[in-house]
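Have a look at the structure below before the remarks.
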Amino acid sequence: MKNKRFSFFLLFLLIMGFHTCFTEAQEYCSPNNPSLFHIGVVLDLNSMVGKVAERCISMALSDYYSFHPDYNSKIVLHVRDSRGDAINAASAALDLIKNVGVEAIIGPQTSEETEFLAKMGSKAQVPIISFSAISSSISPNWFPYFIRFAQNDSSQVKAIAAVLKSYEYKEVSLIHDDSHSGTAAIPYIIDGLQEIGAHIHHRIVLPHAIKELAIEDILRELGHTSSRVFIVHLSLSLGSRFFSHVKEMGMMKSGYKWIITSGLTDLLSYMEPSVLSSMKDVIGIKTHVPSSGPHLRFMAQWRKQFGKDHSKERMELNVYGLWAYDATFVTAKAANKASLCLNRKPRPPVSANSTDFFNMSVSLMGSEVLKHIKATRYNTGVSGEIHLVNGELQSSSFEIVNVNESSHKIGYWIPMDGLFWSLSAVGMGKNYLGTVKDLDVVQWPRVLEAISSDKVLKIGVPVKLVFPEFINITCSSNDQKPNVTGFSYEVFEHVMKSLPFKVSYEYIAYDNEHCDPKGDYSDLLQQVYHKEFDAVIGDITILANRSQYVDFTQPYTVSGVRMIVPTVNDDDTGSLWWFMKPLTTELWLTTISLIVLKGFFVWIFEHGENPEFQGAPSEIVGKILSFSFSIYVFSNQEKLKSNYSRFIVSLWTFSVFILVSSYTANLTSMLTVEKFRPTVTDIDTLYREGKYIGYQDGSFVPDLLRNKGFDPSRLTRLYSLEEYANALANGSVSAIVDEIPYINAFVAKYCHQFTVVGPTYRTGGFGFAFAKDHPLLQNISQAVLNFSEGEKMNEIEKKWFGSGTCVEPFATNVTSSKLHLHSFRSLYTIVGVASILALVLFFSFFAYKSIIDIRETVRRRALWWSFITSYYSHEKDPQKQTGQPKSGHEHEHQISEGPTDFYMIELSSNNDEGRHTGRE
């Protein structure tokens with residue numbers, strides 16, 4: 001018995017102990033009381049890469065705890081500045097490991113720093129996570145606690161080889177610096193070139209502290225070699241100095257081919273604009289970052305927080321910052337999984353007097369953190385897919401860019417697939433050694449030379465009779481080139497000059513032997529489809545049906561179709577009926593009708609009980625009209641007794657308030673502001689009234705109007721601005737429908753006589769038309785977009801269409817000055833329906849009450865008839881006539897045989913008793 005009690009007692013203590021431990025663990029691990037997880041950060045805070053990375057690391061932690069509110073651990077960052085020195089970085093790491101007790105370190109930037117810290121991390125079992133040490137000289141295979149959250153620089157070798165293979169270059173010169181990153185990739189580059197049958201003709205090693213004169217001597221030596229293809233593998237600072245001298249030495253001209261590696265291409269945004277402009281037509285290998293949802297969200301967040309720093313420190317985001325963000329996010333996720341509070345123990349203390357550099361305690365959490373980081377794989381990183389293989393970020397695709405101010409993408413290199421001019425072309429089964437056809441060839445120097453010398457683009461130009469301000473070409477002749485002028489021509493010329501390559505082209509007029517237009521714009525675009533022209537410039541409107549057989553660039557003008565109408569003087573204050581003008585006739589008539597109807601409703605509701613609404617017919621009519629119109633000035637004095645009357649009068653008072661306010665505002669505007677108004681306000685009025693409409697010769701507007709139901713006989717073709725003005729002035733057309741750029745030009749010249757009204761019918765705007773899938777289209781389209789946003793576009797517009805001293809015609813939409821019935825249709829509908837509903841309820845209740853009264857009257861008459869019948873039947877009783885009264889029982893029996901109605905029985909009984917009493 002005692003043993004059982006003792007066993008139960010031990011079991012109870014055991015359960016209570018587990019409960020206590022579990023409760024304490026829950027309280028300690030909850031988001032309200034998370035465990036602290038210390039992580040070190042070692043960065044060169046004087047460099048732009050370090051500054052950007054520090055901000056990205058902080059944003060990653062903030063985002064992680066926002067996305068995961070149920071976290072177990074809270075990361076505490078301990079940032080140290082290495083100042084770009086490996087010794088400082090090692091000292092900072094030793095302090096973080098021995099004194100702070102960090103469980104991981106993020107961010108050794110250079111390969112020299114990372115190599116030393118990787119040894120320390122392996123000794124202390126603290127993960128060292130680098131996002132920028134891309135050198136092949138350091139490998140996670142050599143240091144088990146080192147994680148490279150970046151692409152190894154040797155991964156780009158096949159992309160470089162594919163580019164050289166596409167040009168069939170067999171001999172190249174290699175230029176690199178003497179750093180770890182500069183020398184480690186060279187064996188891989190040599191092996192990659194051997195695979196394609198190329199070799200290194202000349203190899204130059206530049207010391208990091210090389211003098212400027214030494215750079216010039218080296219370039220002078222390279223200029224005398226037979227090889228004209230150079231692969232440059234330099235750091236940002238040394239690369240900037242090197243290419244500034246390349247431009248000065250004249251080695252950036254045609255004949256020299258320069259290819260730079262990703263270490264320099266990924267940081268081009270930090271290069272001085274003067275140096276960057278000297279690198280025109282340099283080909284760069286750049287890390288490709290997919291445009292995913294997380295990436296776009298992070299970019300928007302970055303611009304919002306640090307966009308103001310661009311003018312001072314040029315805080316442009318780079319791929320290393322994206323890798324730093326993803327590395328921190330993954331580390332936070334791993335720390336949260338590894339922070340099992342019940343298993344976490346403090347790190348064993350280290351003797352403070354120890355002089356052994358590597359006398360560090362072993363982290364008990366480092367192995368768990370390392371395991372969870374290496375197991376991470378997901379597709380939602382801001383830098384793309386996160387997939388670590390043996391502690392190293394898996395290689396992704398690269399972009400092939402043409403280096404200039406915008407670093408235009410000309411192709412992609414995809415692992416296991418090869419070179420492609422577009423990502424949409426991936427998956428065709430080709431190996432990685434693609435051909436020049438797989439790239440956007442127009443950007444490559446060799447192909448540009450072929451285009452300039454052998455290919456001359458034929459540019460068709462329409463012969464314009466209307467609006468020569470946009471495009472105008474002289475009659476074509478065999479002796480001399482046609483002269484082209486106009487707004488569209490100048491835009492096209494500036495766009496072509498802004499391209500990073502030279503294209504030869506000639507203008508050809510689309511005319512007949514008499515120098516007249518050979519056809520309309522649709523016919524001209526058909527010539528592009530049939531390969532008669534490579535492209536067409538001018539005021540060509542982008543339309544859906546035209547896009548079926550040609551491709552358009554981005555529009556360079558505003559889009560839309562509107563209407564021009566004359567204006568008339570609307571100053572009618574001297575008119576006898578000027579106060580009637582704020583409302584249309586139909587609105588006046590409708591309002592008056594509803595006023596009278598409302599008064600009639602009130603009389604129906606009130607005349608039965610209210611003496612004020614009773615009297616002779618003439619008095620009733622006067623009372624109705626007086627009450628109806630007095631409410632519109634809020635002066636009615638009659639007292640209402642019916643709830644129905646109060647209800648509809650309240651609704652009408654509300655409507656009166658709105659109508660009177662609108663009338664007052666419109667009348668005030670007419671008397672004080674508006675003195676001119678358009679003759680027509682919308683295109684529907686023209687359609688209903690069968691008015692004539694003018695349009696420009698050769699325009700697509702007639703098709704638009706015919707689709708809206710307009711009779712073709714009502715459409716008038718016009719040929720010049722003067723005809724526009726004369727036709728509107730003499731009334732031969734009531735309006736002119738045209739595109740907004742033409743309207744701008746017309747109103748700028750006749751701004752005080754005509755105005756623009758009606759809605760805007762959307763079109764694509766003016767664009768340049770090219771043959772389907774033309775290789776120049778994408779580049780010219782991008783150039784058009786860039787040029788349209790610049791100041792030069794405004795200068796050209798002012799040159800051809802004036803300075804815009806007239807009032808901007810599209811600042812506001814001109815509409816009718818009068819208030820229409822449809823403006824108040826919702827208000828009148830609500831009040832009218834409510835009034836009719838009140839009338840229906842009134843008559844329904846009246847009918848119900850009448851039925852009840854009729855039934856009561858019938859019932860009373862039935863009771864009276866029963867009483868009469870009973871009375872006469874009693875008078876005819878023979879016993880009563882002989883004077884012999886009946887016994888009490890007989891009397892009661894007689895009464896029981898009388899009418900069934902209780903009231904009638906009582907009445908008969910009382911009458912009989914009275915008669916008996918009288919006889920006695």
Next on the checklist: Would you confirm whether or not region 260-275 contains a residue that is among the aromatic types (Phe, Trp, Tyr), outside the structural domain of Ser111 (by TED's automatic domain parsing), touching a Ser or Thr at 6+ places or on another chain (Cβ under 6 Å) and touching a residue at least 24 places away in the same chain (Cβ under 8 Å)?
Outcome noted: no
Checklist entry - What number goes with the only condition from (1) under 15 Å from Val382 (Cβ atoms); (2) crowded, with 17+ Cβ neighbours inside 10 Å that Thr265 does not pass? => result (1)
Item to check | Which numbered condition Asn726 fails, given (1) farther than 30 Å from Tyr529 by Cβ; (2) in contact (Cβ under 8 Å) with a residue 24 or more places away in the chain; (3) surrounded by fewer than 17 Cβ atoms within 10 Å (Cβ to Cβ); (4) not charged (D, E, K, R) | outcome: (2)
Checklist entry - Is one or more of the residues making up region 90-105 of a type in the set (Ser, Thr, Tyr) and in contact (Cβ under 8 Å) with a residue 40 or more places away in the chain? => result no
Checklist entry - Given Phe657, Phe627, Phe601, Phe647, which one is touching a Ser or Thr at 6+ places or on another chain (Cβ under 6 Å), in a helix (DSSP H, G or I) and either at pLDDT 75 or above or closer than 22 Å to Leu841 by Cβ (or both)? => result Phe601
Next on the checklist: Quick check on region 745-754: of everything there that is touching a Ser or Thr at 6+ places or on another chain (Cβ under 9 Å) and buried (at least 20 other Cβ atoms within 10 Å of the Cβ), which residue is farthest from Asp697 (Cα to Cα)?
Outcome noted: Phe754
Next on the checklist: Please list, ordered by residue number, the helices (runs of 4 or more DSSP H) wholly in region 273-352 having 2 or more residues that are at pLDDT below 90 and farther than 23 Å from Ile129 by Cβ.
Outcome noted: 273-277, 293-306, 310-313
Item to check | Lone qualifier among Glu115, Glu103 - being buried (at least 24 other Cβ atoms within 10 Å of the Cβ) and assigned by TED's automatic domain parsing to the domain that holds Met48 | outcome: Glu103
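Okay, residues lined up against (1) outside the structural domain of Ile200 (by TED's automatic domain parsing); (2) of a type in the set (S, T, N, Q); (3) surrounded by fewer than 23 Cβ atoms within 10 Å (Cβ to Cβ):
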{"position": "Trp142", "(1), (2), (3)": "yes, no, yes"}
{"position": "Ile147", "(1), (2), (3)": "yes, no, no"}
{"position": "Ala159", "(1), (2), (3)": "no, no, no"}
{"position": "Val163", "(1), (2), (3)": "no, no, no"}
{"position": "Leu174", "(1), (2), (3)": "no, no, yes"}
{"position": "Ala184", "(1), (2), (3)": "no, no, yes"}
Checklist entry - When you scan region 353-385, how many residues do you find that are surrounded by 12 or more Cβ atoms within 10 Å (Cβ to Cβ) and either assigned to a helix (DSSP H, G or I) or modelled with pLDDT of 85 or more (or both)? => result 14
Checklist entry - Within the bounds of region 124-140, is there any residue that is in a helix (DSSP H, G or I), in contact (Cβ under 8 Å) with a residue 12 or more places away in the chain, in contact with a strand residue (DSSP E or B) (Cβ under 6 Å, 6 or more places away or on another chain) and over 14 Å from Ala184 (Cβ atoms)? => result no
Checklist entry - So Asn707 fits all but one of (1) under 17 Å from Pro566 (Cα atoms); (2) at pLDDT 85 or above; what number is the exception? => result (1)
Item to check | Complete set of residues in region 689-720 that are in a strand (DSSP E or B), buried (at least 17 other Cβ atoms within 10 Å of the Cβ) and hydroxyl-bearing (Ser, Thr, Tyr) | outcome: Tyr695
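Residue-by-condition table, conditions (1) without any contact (Cβ under 8 Å) to a residue 12 or more places away in the chain; (2) over 20 Å from Gly764 (Cα atoms); (3) β-branched (Val, Ile, Thr):
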position: Ile459; (1), (2), (3): no, yes, yes
position: Phe470; (1), (2), (3): no, no, no
position: Asn483; (1), (2), (3): yes, yes, no
position: Val503; (1), (2), (3): no, yes, yes
position: Asn512; (1), (2), (3): yes, yes, no
position: Lys518; (1), (2), (3): no, yes, no
position: Ser522; (1), (2), (3): no, no, no
position: Tyr549; (1), (2), (3): no, no, no
position: Gln554; (1), (2), (3): no, no, no
Checklist outcome for this item: Within region 386-411, residues being at pLDDT 85 or above and part of a strand (DSSP E or B) number 10
Next on the checklist: Looking at (1) at pLDDT below 75; (2) in contact with a strand residue (DSSP E or B) (Cβ under 9 Å, 6 or more places away or on another chain); (3) crowded, with 16+ Cβ neighbours inside 10 Å, which one does Lys675 not meet, given that it meets all the others?
Outcome noted: (3)
Checklist entry - In region 147-202, what residues are in a helix (DSSP H, G or I) and aliphatic (A, V, I, L, M)? => result Val157, Ala159, Ile160, Ala161, Ala162, Val163, Leu164, Ala184, Ile186, Ile189, Ile190, Leu193
Item to check | Hits in region 55-85 (condition: charged (D, E, K, R), closer than 23 Å to His180 by Cβ and touching a Leu at 6+ places or on another chain (Cβ under 7 Å)) | outcome: Arg80, Asp81
Checklist entry - Give me the pairs: first residue in region 50-71 and at pLDDT below 90, second residue outside any helix (DSSP H, G or I), beta-carbon distance under 7 Å, and six or more apart or on different chains, which are they? => result Tyr65/Tyr71; Pro69/Pro31; Asp70/Pro31; Tyr71/Pro31; Tyr71/Pro34
Item to check | Elements of type helices (runs of 4 or more DSSP H) in region 820-905, at least 1 residues being at pLDDT below 80 and under 58 Å from the mean Cα position of the chain (by Cα) | outcome: 825-875
Next on the checklist: Would you confirm whether or not region 161-170 contains a residue that is under 30 Å from Ile97 (Cα atoms), touching a strand residue (DSSP E or B) at 6+ places or on another chain (Cβ under 6 Å) and of a type in the set (Phe, Trp, Tyr)?
Outcome noted: no
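The values are calculated or read from the model by the stated rules, or taken from the named source; none is laboratory data. What you are looking at is a predicted structure, and each value in this text was computed from that prediction instead of being measured. Cβ coordinates were reconstructed from backbone atoms using ideal geometry, including for glycine residues, and neighbour counts include every protein chain displayed.
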